[in-house]
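Comments concern the structure below.
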Amino acid sequence: MKETFGQRLSRLRKQSGLTQEELAEKFGISGQAVSKWENDASMPDISILPDLSDVLRVSLNELLGKEENKARLVPAEERRDTNDLILKVRADLADGDKVTVNLPMGLVKAGMLMNMKMPQISGSEALQKVDFEEIIRLVDQGMVGELVTVESADGDNVRVFVE
């Protein structure tokens, strides 16, 4: 059975560690409104969907159930130039920090050539173990979507994807 918008919203909210009240507070609405969304009794206004996806740290497509960010190989004739893609790193760290990095792949590639480190991600052991050179190789071969998921023993959760 296909997941409804409300079921998906509830799952994503819980994965983000938010209560209905906390999510409601971010949008200046009541917890009851969020409850209605999650019970499929009503829907959020379309104008807040982009901000809702940002708060839940998922793509708008994922929020709407249109696309899972699973890794996939794009046929050569359908590939976009690698430099037109975006590398996205989302980390929910055990200490409560949340890290989001969105960088053009061209910039990532240039930085790797100069042996630069990404300062936003150098503090997490789980993030330090991500092999960005291998990610670049995969993307150059046509892989997109969620390429790396790390759930460390100390509670860090890291997702790396390219869109």
Handout entry: Residue in segment 17-62 that is farthest from residue 144 (Cα to Cα), counting only those that are in contact (Cβ under 8 Å) with a residue 24 or more places away in the chain and touching a Lys or Arg at 6+ places or on another chain (Cβ under 7 Å)
Key = 23
Handout entry: Identity of the residue in segment 1-26, more than 18 Å from the chain's Cα centre (by Cα) and outside any helix (DSSP H, G or I), that ends up farthest from residue 157 (Cα to Cα)
Key = 1
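Any chance segment 100-115 includes a residue that's part of a helix (DSSP H, G or I), modelled with pLDDT under 85 and either over 17 Å from residue 160 (Cβ atoms) or under 17 Å from the mean Cα position of the chain (by Cα) (or both)?
Yes, there is a match, as at least one residue in segment 100-115 is part of a helix (DSSP H, G or I), modelled with pLDDT under 85 and either over 17 Å from residue 160 (Cβ atoms) or under 17 Å from the mean Cα position of the chain (by Cα) (or both).
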Practice task
Return the total of residues in segment 70-91 being out of contact with any Gly (no Cβ under 7 Å at 6 or more places or on another chain) and surrounded by 12 or more Cβ atoms within 10 Å (Cβ to Cβ).
Solution key: 9
Practice task
Go through the residues of segment 118-139 one by one and say whether even a single one is at positive phi and at pLDDT 80 or above.
Solution key: no
Exercise for the section: Filter segment 49-59 down to residues that are surrounded by 14 or more Cβ atoms within 10 Å (Cβ to Cβ) and either modelled with pLDDT of 95 or more or not charged (D, E, K, R) (or both), then give me how many there are. Expected result: 7
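The values are calculated or read from the model by the stated rules, or taken from the named source; none is laboratory data. Please read all numbers here as calculations on a predicted model, not as lab measurements. Reconstructed Cβ throughout: ideal geometry from the backbone, glycine too, with neighbour counts over all protein chains shown.
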